[in-house]
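Chemist: Before I ask anything, here is the structure I am working with.
Read the figures in this text as sums done on the coordinates, not as results from a lab. Not measured: the values here are computed from a predicted model. FYI the Cβ positions are ideal-geometry reconstructions off the backbone, even for glycines, and counts take in every protein chain you see.
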Amino acid sequence: MQGFVRYLRRNTSLVVGSALLLFLLLFVVIGHFIVDVEDARALSVRPLQPPSWRYPFGTDRQGRDLLAVMVAGTPLTLRIGFIAGILGVAIGTVLAFVAAYYRGWADTIIRGIADIGLTVPGLLVLIIIAVSIRGGLTVNQMAIVVASLAWLNPTRTIRAQVLSLRERGYVEIARMSGMSGPAIIFFELMPNLLPYLAATLVNAISSAILASIGLEVLGLGPIDAPTLGMTLYWVNFNAAMINGWWWWWTAPTVIILIVFLGLFFVTVGLDEIANPRLRKSA
Amino acid sequence: MRLIDITKRCGVFVVIIWLAASLNFFLPKLSGQDPVRSKLLQQAALGGYVQSGIDDMVKVYEARFGLDRPLWQQYFSYIGDVVQLDFNYSIANYPRKVSDMIAEAVPWTVALLGMTTLLSFVIGTVLGALLAWPRAPRWMAWLMPPLWALHAIPFFLLGLILMYVFAFQVPWLPIFGGYSMGATPAMTLGFVADVARHAVLPALSIILVATGGWALGMRGMMVTTMGEDYVTFAESKGLSSFTIFSRYCLRNAILPQITAFALALGQILSGAVLVEVIFGYPGIGTLLFQAIRENDHFLIQGVVFTVIVALGLATLILDLVYPLLDPRISYQRT
């Protein structure tokens with residue numbers, strides 16, 4: 001325990017990142033107790049009220065209580081990120097292990113697709129997909145759409161890691177002692193990659209949230225869900241900036257900032273665990 | 001680089017184009033949408049006219065857009081058109097051609113992106129190199145935290161904040177558009193200055209974020225490079241610190257940055273689309289945004305395809321130029 005605390009004191013990024021995310025969690029949990037989430041729907045409260053004691057974050061033009069929108073919307077946005085990120089890393093891990101451990105034609109194909117896919121601007125492909133399945137995307141469908149490209153980056157980076165790991169001595173020993181391929185992957189390679197996988201996962205969640213907010217700002221999100229990106233869509237739709245309704249965009253902007261900064265610092269912290277060589281420079 | 005490698009790389013480019021075109025063609029078909037009918041119904045709802053004639057109208061329009069032929073015929077004629085960058089008419093702005101609308105928007109985006117990408121790459125790389133350099137001025141260490149924080153933010157979010165501070169609170173810069181309303185686009189000094197003033201905030205929101213990314217990457221590479229034996233050797237030879245910095249460290253550390261450049265282009269573009277939307281900047285992003293709003297499938301497809309081709313071309317050129325920059329790489333052993 002003491003060692004753990006001492007480690008955390010050195011790994012400030014991890015502490016800062018976790019603190020930011022924890023703060024967000026507390027905000028959502030406590031928020032559910034003090035505000036009626038139903039007020040996140042349009043036409044619930046008086047429109048366009050600046051922040052006051054009654055509505056600490058103000059209300060928007062369609063009559064949503066912005067505090068309720070944030071409390072209800074933050075978990076939705078995070079959910080999209082988590083579903084898409086976990087799916088992406090899971091698919092990416094499987095593909096990366098198949099490619100890097102077995103090599104051969106499977107590697108050629110998987111690496112080829114990942115390399116080509118990564119040079120294409122992801123948001124635009126997602127737009128084409130989202131436009132094709134319009135007719136009201138739900139939050140979960142949104143996550144699936146984002147996940148359809150979320151595996152590319154994990155596949156590429158994890159594959160490179162596995163390639164270097166599989167040449168290590170202990171893998172050689174396991175192979176010589178007759179361990180099967182899947183067993184080596186699960187019991188020898190996977191445990192050593194765990195910190196790295198965790199960093200990749202946080203990174204993937206962050207990219208997925210970014211992609212989902214991008215789609216939402218363009219108007220391709222779940223129209224009736226109060227996610228952070230949809231709030232920004234309405235901000236843009238109603239020209240809240242030019243009209244001087246500053247509270248409307250301040251709340252989602254600050255929360256999105258906290259989300260991205262929190263995830264970023266956690267990634268940096270996990271990277272430090274996964275790759276001790278970084279410590280020299282820190 | 002041998003001829004066969006060049007051919008192979010160009011082959012990949014052609015595959016990207018073909019995949020993008022096919023995706024564009026089949027995805028909307030798979031969803032069973034009928035762009036013409038939905039557009040007509042939408043207009044009928046808006047104008048309030050009777051819907052009995054709509055089926056006939058759909059037939060006429062489908063014939064005009066070539067949507068009444070068998071699927072494989074449509075596919076081949078689509079591929080044929082797309083190769084010539086002909087994306088049919090805009091459904092929402094008929095009779096304007098999609099390709100004309102794109103051609104109008106492209107220069108704006110190319111100017112904005114070209115400038116910001118180049119500036120952020122150069123500033124970020126130099127900054128990152130200096131951040132890792134022990135003999136750099138002390139105050140530079142203070143740049144690290146803000147660079148890190150900025151790097152984690154989406155472009156358009158910073159754009160919103162900048163817009164509020166510098167265009168709304170302190171109205172130094174225009175808040176919206178690519179040029180002042182009422183200004184006639186012409187190659188006069190006044191108009192160019194006007195355009196430049198409008199580009200400052202969108203450009204700044206891209207540069208500030210992207211610079212952080214390049215700086216972080218470069219700093220990491222510099223730290224690794226400075227640990228190399230040849231740098232220690234150069235130091236013990238008594239070479240000047242500037243020579244070691246520029247010719248031994250910088251030159252070697254910069255190569256992975258250039259590789260990363262190809263991958264970063266797509267991300268920068270995805271982010272820039274949203275910046276354009278936020279600022280109403282008249283480039284590809286805003287055009288795409290309008291197309292999505294008006295459910296204009298041909299326009300959406302045209303924009304997406306054009307961007308994929310343009311980026312594919314850029315990465316192709318980058319890949320072909322790279323061996324010239326790094327003599328260690330020849331395509332002979334890949």
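Chemist: Given the rule -39500 (n - 2.57) for each run of at least 4 DSSP H residues, summed and divided by the residues of chain A, what is its mean residue ellipticity at 222 nm, to the nearest 500 deg cm²/dmol?
Modeler: Working: 12 runs with 201 residues, N = 282.
Helix contribution divided over all residues of chain A: -24000 deg cm²/dmol.
Chemist: Follow-up question, since we're still on this one. What's the longest piece of chain B with no exposed trypsin sites (Lys or Arg not before Pro), counting a site as exposed if DSSP puts it in a loop and it has at most 10 other beta carbons within 10 Å?
Modeler: Result for the longest clean stretch: B:3-134.
Chemist: Quick one: Cα centre-to-centre distance for the range B:161-208 and the range A:198-248, in angstrom?
Modeler: 24 Å
Chemist: Another question about this same structure. Which order, highest average first, do A:37-45, B:106-114 follow once you tally other Cβ atoms within 10 Å for each residue and take the mean per peptide?
Modeler: B:106-114, A:37-45
Chemist: Find the all-direction average of the projected area of the Cα convex hull for the range A:205-264, expressing the result in square nanometres with one decimal place.
Modeler: Quarter of the Cα hull surface area: 4.0 nm².
Chemist: Give me P(r) over chain A, computed from all C-alpha to C-alpha distances, binned every 10 Å, as integer percentages.
Modeler: 6, 24, 28, 22, 13, 5, 1, 0
Chemist: Over the whole of A:233-241, what's the average partner chain Cβ count within 10 Å per residue? Rounded to a whole number, please.
Modeler: Per residue, the number of nearby Cβ atoms from other chains is 3 on average.
Chemist: Could you tell me what a quarter of the Cα convex hull surface of the range B:131-206 works out to, in nm² with one decimal place?
Modeler: Its Cα hull, projected and averaged over all orientations, spans 7.4 nm².
Chemist: Using the Kirkwood radius over C-alpha pairs as Rh, can you work out the diffusion coefficient of the range B:157-310 via Stokes-Einstein at 10 °C, viscosity 1.306 mPa s, in µm² per second?
Modeler: 85 µm²/s
Chemist: Just add up the charged neighbours of A:Tyr55: K/R +1, D/E -1, any other residue whose Cβ is under 15 Å from the Cβ of A:Tyr55. All intermediate terms of the calculation are to be shown ahead of the outcome.
Modeler: Values: positive: A:Arg41, A:Arg46, A:Arg54, A:Arg61, A:Arg64; negative: A:Asp36, A:Glu38, A:Asp39, A:Asp60, A:Asp65.
Net charge in that neighbourhood comes out at 0.
Chemist: Using only the Cα atoms of the range A:179-226, construct the convex hull and provide its projected area averaged over every direction, in square nanometres to one decimal.
Modeler: Values: hull surface 20.0 nm².
Over all viewing directions, the range A:179-226 projects a mean Cα-hull area of 5.0 nm².
Chemist: OK, next. Please quote Rg/Rh for chain B to two decimal places, taking the Kirkwood radius as Rh and restricting both calculations to Cα atoms. Each step should come with its number before you reach the end.
Modeler: Details: Rg = 24.8 Å, Rh = 23.3 Å.
Checking Rg against Rh, the ratio lands at 1.06.
Chemist: Pairing the Cα long axis of helix B:189-226 with the longest principal axis of chain B, what angle in degrees results, from 0 to 90 and rounded to the nearest 10?
Modeler: The angle comes out at about 50 degrees.
Chemist: Another one. Looking at the range A:161-215, which GluC sites (Glu not before Pro) are in a loop (DSSP not H, G, I, E or B) and have at most 10 other Cβ atoms within 10 Å?
Modeler: A:Glu167
Chemist: Calculate the translational D of the range A:40-87 in whole µm² s⁻¹ from Stokes-Einstein, where the hydrodynamic radius comes from the Kirkwood formula applied to all Cα pairs, the temperature is 25 °C and the viscosity 0.890 mPa s.
Modeler: It comes out at roughly 215 µm²/s.
Chemist: Let me confirm one metric for peptide A:252-264, namely the mean number of other chain beta-carbon atoms within 10 Å of its residues' beta-carbons.
Modeler: Mean partner-chain Cβ count within 10 Å for A:252-264: 3.
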